[in-house]
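No lab work stands behind these numbers, since they all come straight from the coordinates. In this text, all values refer to a predicted model and were calculated from it rather than measured experimentally. As a convention, Cβ positions derive from the backbone with ideal geometry for all residues, glycine included, and neighbour counts pool all protein chains shown.
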Amino acid sequence: MDRQQAGAILKKLKLKITPKRLEIMCCLAVEPSYLSADDVWQRLKLQFSRIGLPTVYRILDELAEASVITRIFMSDRKQYYYLCTNQEHHHHFVCESCRRVQDVERCGVDTLTRELARRSGARITSHILQINGVCGSCNSAQGASA
Ligand SMILES: [Zn+2]
Ligand SMILES: [Zn+2]
Ligand SMILES: [Zn+2]
């Protein structure tokens, strides 16, 4: 993803286009994996030498709120972020071994939420699903070395 593509996404979502937002999106987009706010900060400092970590957190949160980027949840309770160019509703599989993130095209949760709404009368507004595990290539590599 280049700045133009990042700008187009922000424009489509009616978000303000700023150089820092674009830079954060581009630096997340080149990674096949997720990054912590600290990782993003280290990369952004090359471009914006005076940028502080709180600013990076604020922009990451704004982008996550707007669903431009996805929060990745890990057991260390640190915040992680991943940028996926797939704008359709979908979920992610996160490899615990190589940290790669893969798209899970099928949702499957909508059946569950419909059932829940029907039974409890609740109004479901959104859902979060992240699947963790060991990816195919890590799994076969581990199998070979065992
Ligand atoms: Zn893997
Ligand atoms: Zn995705
Ligand atoms: Zn879903």
**OP:** Would you work out the charge dipole size for the stretch 88-146 about its Cα centre, treating the Cβ of every Lys and Arg as +1 and the Cβ of every Asp and Glu as -1, and quote it to the nearest 20 debye?
**Re:** 240
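Return the inverse of the average 1/r over all pairs of distinct C-alpha atoms in the chain, which is the Kirkwood hydrodynamic radius, in Å to one decimal.
17.0
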Original post:
Expressed as cubic angstrom per residue, what is the convex hull volume of the alpha carbon set of the stretch 88-146?
Top reply: 101
Original post:
Of all DSSP beta bridges located in the chain, what percent are antiparallel, nearest 5?
Top reply: 75
**OP:** Note down the magnitude of the dipole of the stretch 1-75 about its Cα centre, charges +1 on Lys and Arg C-beta and -1 on Asp and Glu C-beta and zero elsewhere, to the nearest 20 debye.
**Re:** 360
**OP:** Arrange the peptides 67-75, 108-116 so that the one whose residues have, on average, the most other Cβ atoms within 10 Å appears first.
**Re:** 67-75, 108-116
